[in-house]
Amino acid sequence: MKGPVVAISGMNAVDSPGPGVPVLRSLRESKLNPELIGLAYGALEPGNFMEKLLENSFLVPYPSSGPEVLLERIRHIHSLKKLDVIIPTLDSELDNYISISGELKKMGISVFLPGRKELHTRDKTYLKESLENTGVLLPDTISVQDVSAIRHVTEEIGFPLFVKGVFYEAYLARNYEEAVGYFYAMAGKWGIPVIFQKYISGEEINVCALANQGEMIGAVIMKKLFLTDKGKAWAGVTINNEEAKNISKKILDYIKWNSGCELEFIIENKTGKMYLLEINPRFPAWVYLATAAGQNLPEALLKLSLGEKVSPFQTYDVGKVFVRHSWDEIIPMKYIESLTIKGQLRDIEKGDNNE
């Protein structure tokens, strides 16, 4: 039986990988038997060429192009390959998809997304204020709009501190000069504001979760075992931590979250207190670990997108480890040419002429 046609974004799979490929891996194991389509921002994004995971891939405009340009491109893709569901997996594109969700619904395309209010409630720049009445602990965090404010902010927070981009990346600054340098780097790459956050020494744990209007459908907790120079997990293990699970459940219910997400915590060495660092509004790049541990959260999100009822997961396997590695995909040059010139990996109208 033919399954739904599902498009997934985030085909980048480099040193700071997007969640698209692990979402594809999870959905490939789904009993819904979906036909999987990639949505990429660049012709050389590795996920485009993982033929065992997807049937085709299309280029889409960068989020900075705005929702109308995105909608026009999706209309064209939909005319070639009738889509049932789109699963955006990157922070920077969610605003655009929320803006066009009504038009997508008219086209028969479902998305399972938070509302705009909920999306911005968990924004790094507002999170401390958003959760101030919940009792959840957060490090001192200040949004910086201009370099002239850095001196005052760093004196207030103290060194060392993290300098974070509004969407991605974080660097540890140990002095004023490093803070200024990272400010310019983050502002140039991700825009204003740049977030300055107090450094807390401790053990970091992350929660990959899925919620339906605030009800937590599933949650898997991971401890990082090995980090890249950008602080990204290159190896991790599933653990059990009831406090992290309960705090996550409390937060998602409080903000009425609707979609996948990742909650990042740190347990302070000195006090044993648990602090929430941030909430990422999509599945993390390690989401396939959750699938391997017994909670296929992307499949559950797909079912919710299709209007199916999903019962909350109760357990998962503790002690499952993921270790990332590099893998060379060998492809014909005409694949790159097709994506670059036509914006799609395979020519649907004339059949697959890339073989």
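Just so you know, all these numbers are worked out from the coordinates, no wet-lab data involved. Predicted model, so just to flag it, every value in this text is computed and none were measured. Reconstructed Cβ throughout: ideal geometry from the backbone, glycine too, with neighbour counts over all protein chains shown.
Compute the separation of the alpha-carbon centres of region 62-141 and region 297-332 and state it in Å as a whole number.
Region 62-141 and region 297-332 have Cα centres spaced 20 Å from each other.
Using Cβ contacts closer than 10 Å as the measure, can you line up Leu227, Leu306, Leu59, Leu252 from fewest to most?
Fewest-to-most ranking of Leu227, Leu306, Leu59, Leu252: Leu227, Leu306, Leu59, Leu252.
Tally Lys and Arg at +1 and Asp and Glu at -1 over the other residues with C-beta under 9 Å from the C-beta of Ala219: what net charge comes out?
Summing Lys/Arg as +1 and Asp/Glu as -1 gives +2.
Let me check I've understood the local charge: for Glu299, count other residues with C-beta under 15 angstrom from its C-beta, Lys and Arg +1, Asp and Glu -1. What total comes out?
Surrounding charge for Glu299 is +1.
Taking a label point 7 Å from the Cα of Lys106 along the Cα→Cβ vector, which residues of region 68-88 have an amide N closer than 17 Å to it?
Within reach of a label on Lys106: 68-79.
Please state the charge dipole magnitude for the chain, taken about the Cα centre, from unit charges on C-beta atoms (+1 on K and R, -1 on D and E), reported in debye and rounded to the nearest 20.
640
Quick check on the exposure proxy: order Phe322, Phe226, Phe58, Phe159 from fewest to most C-beta atoms within 10 angstrom.
Final ranking by Cβ density, sparse to dense: Phe226, Phe159, Phe322, Phe58.
Quick one: dipole size for region 201-323, taken about the Cα centre, charges +1 on Lys/Arg Cβ and -1 on Asp/Glu Cβ, in debye to the nearest 20.
Using only the charged Cβ atoms, the result is roughly 60 debye.
Answer with one residue from Ala149, Thr271, Leu304: the one whose Cα lies farthest towards the positive end of the charge dipole of the chain, charges on Cβ with Lys, Arg +1 and Asp, Glu -1.
Farthest towards the positive end: Leu304.
What number, rounded to the nearest 500 deg cm²/dmol, is the helix-based mean residue ellipticity at 222 nm of the chain, given -39500 (n - 2.57) per DSSP H run of at least four residues and division by all its residues?
-9000 deg cm²/dmol
What pairs in Lys52/Lys342; Lys106/Lys232; Lys105/Lys164 have C-alpha atoms more than 31 Å from each other?
Flagged as over cut-off: Lys106/Lys232; Lys105/Lys164.
Is the shape of the chain rounded, prolate or oblate, going by the alpha carbon gyration tensor and its root eigenvalues a ≥ b ≥ c, with a/c under 1.5 for rounded and a/b larger than b/c for prolate?
prolate
For region 150-195, what class follows from the C-alpha gyration tensor (a ≥ b ≥ c being the square roots of its eigenvalues): rounded when a/c is under 1.5, otherwise prolate if a/b is larger than b/c, else oblate?
Prolate.
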